[in-house]
Amino acid sequence: MINIKDLPDEELFTAGHTACPGCGVALVVRNLMKVLGKDTVVYLPANCLLVFSATYPLDAFKVPYLHLLFENSAVAAGAIRRALKRLGKEHVNVVALAGDGGTADIGMQALSGAAERNEDIIYVMVDNEAYMNTGIQRSGSTPFGAWTTTTPVGKKIMGKTEHKKDVMKIMMAHDVPYAATASPAFPADMLKKFEKAKNKEGFRFLQIYTTCPTGWRAPSEKTITLAKMAVETGIFPLLEYENGLLTVNYRPKGKYTLEEYLKIQGRFRHFTPEMVEEVKRWIDMRWKWIRTIEEGQKVVSGGE
Ligand SMILES: Cc1ncc(C[n+]2csc(CCOP(=O)(O)OP(=O)(O)O)c2C)c(N)n1
Ligand code: SF4
């Protein structure tokens, strides 16, 4: 299994980009590129990552990258793969690095089509839970109650009125060869998933929790703490879907409370006790679903 100390020194995503201090996206992409290596082509839709690291003529990527449109990441990456195949370069990794808005909302149609066709690509949903680069607008992946510029806090509404869309579940419904969620606060698990995605064939999906201190109104030094708290509170489960089976990679040990997680982030500052309870209800419901799948799998595989 790959370890953080085994990663090569060479940076394929270099320093000098303009991400905010503590940006989880930059941290995750830096490590992902080390695992994928030089033989990689990146597709970038419009998102924070594109703006802070790949605005021609300045770019932080030491591998080729392509930018076309916001909504077509999975299709564009699939097209790159087909072109490389024609050139006899099947060994090259093709990775799309899309935000949660570009995935859960506007890119969903292209994503679903590419997953259904089993395009031979790695698709990474860089989940900072809002449309950040255009000024913190809510996405389908924004959590319940979060303040954003399009879900303000006032008399009519108190932040987002809907819960976070479960994109991992949607990808499981496509029965893709590999789908996983990961958090940079659990580096061994995250790197293992990067490596697995690299070594498999067909459509591979990763949803990575990427703290956004700017959009979440959180201290930049809490990036990793928040990524840890999200997993420990059960709000962002670490999951893997492989060969039709779901695995829970880490069971929350209750090291942090949901209240602690919410309190650090200004986007949740207005939360009432009822809103906290609603989030707890949602977390419990999702874990019940996860446990139901696990139990069902045990029955199908002979009750081991
Ligand atoms: C068709 C289209 N609609 C809207 C935009 C404007 N736009 C560019 S990036 C972006 C937000 C991206 O959000 P997300 O995918 O969550 O990535 P993040 O910026 O948070 O990393 C929007 C709305 C666009 N470029 N193209
Ligand atoms: S707004 Fe958020 S995601 Fe974008 S660069 Fe800043 S910290 Fe990173």
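Quick note: the coordinates plus some simple rules give every number you see, no bench work behind them. The shown structure was predicted, so the numbers you read here are calculated from the model rather than taken from an experiment. Glycine also receives a Cβ, built like all others from the backbone with ideal geometry; neighbour counts cover every protein chain displayed.
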### Task
Take the alpha-carbon centre of the range 263-288, take the same for the range 144-166, and report the distance between them in whole Å.
12
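Compute and list, largest first, the equivalent-ellipsoid semi-axes of the range 4-300 from the alpha carbon gyration tensor, each √(5λ) rounded to a whole angstrom. Walk me through the intermediate numbers first.
Details: eigenvalues 171, 103, 65 Å².
For the range 4-300, the semi-axes come out at 29, 23, 18 Å.
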### Message
Among F203, G244, I224, whose Cα projects farthest towards the positive end of the dipole of the range 169-304, with charges put on the beta-carbon of Lys, Arg (+1) and Asp, Glu (-1)?
### Response
I224
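Please rank I157, I121, I264, fewest neighbouring Cβ atoms within 10 Å first, as an exposure proxy.
I157, I264, I121
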### Task
Excluding residues fewer than 8 places away in the same chain, name every one of the lysines whose C-alpha is closer than 16 Å to that of K164.
K280
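Out of the DSSP beta bridges found with both residues in the range 1-136, what percent are antiparallel (nearest 5)?
Percentage antiparallel, nearest 5: 20.
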### Query
Modelled label-to-label distance, V248 and I290, 7 Å Cα→beta-carbon offset: nm?
0.6
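Could you give the dipole magnitude of the range 180-258 about its Cα centre, charging the beta-carbon of Lys and Arg +1 and that of Asp and Glu -1, in debye to the nearest 20? Write out the running numbers ahead of the final one.
Details: 12 positive and 7 negative charges, 23 e Å.
Magnitude of the dipole: close to 120 debye.
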### Summary
In whole Hz, the Karplus estimates of ³J(HN,Hα) for the range 169-175 (6.51, -1.76, 1.60; θ = phi - 60°; x where Gly or Pro) are 5, 5, 5, 4, 5, 7, 6
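At 222 nm, what value in deg cm²/dmol follows for the chain if DSSP H runs of at least 4 each add -39500 (n - 2.57) and the sum is divided by all its residues, to the nearest 500?
Working: 10 runs with 110 residues, N = 304.
For the chain, the value works out to -11000 deg cm²/dmol.
Expressed in nm to one decimal, what extension gain is obtained for the pair D175 and M275 from 0.36 nm per residue of sequence separation less their Cα-Cα distance? Write down the numbers at each step before the final one.
Working: separation 100, 0.36 × 100 = 36.00 nm, distance 3.39 nm.
Fully extending the segment from D175 to M275 adds 32.6 nm.
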### Summary
Protection proxy (average C-beta count within 10 Å per residue), highest first, orders 248-254, 140-146, 184-190 as 140-146, 184-190, 248-254
### Message
Using the basic label-point model (7 angstrom from Cα toward the beta carbon), what is the N118 to K89 distance in nanometres?
### Response
2.5
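Roughly what % of DSSP beta bridges within the range 4-300 run antiparallel, to the nearest 5?
Working: 13 of 35 bridges.
So the antiparallel bridges amount to about 35 percent of the total.
Can you put R269, R286, R138 in order of Cβ neighbours within 10 angstrom, beginning with the fewest? Walk me through the numbers before you get to the answer.
Numbers: R269 13, R286 17, R138 22.
If I rank by nearby Cβ atoms, fewest first, I get R269, R286, R138.
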## Note on the structure
Ordered by fewest other Cβ atoms within 10 Å, a rough proxy for footprinting exposure, L50, L245 read L245, L50
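Dipole size in debye (nearest 20) for the range 4-300 around its Cα centre, Lys and Arg Cβ +1, Asp and Glu Cβ -1? Intermediate results must be reported in sequence, preceding the final value.
On the way: 39 positive and 33 negative charges, 53 e Å.
So the magnitude is around 260 debye.
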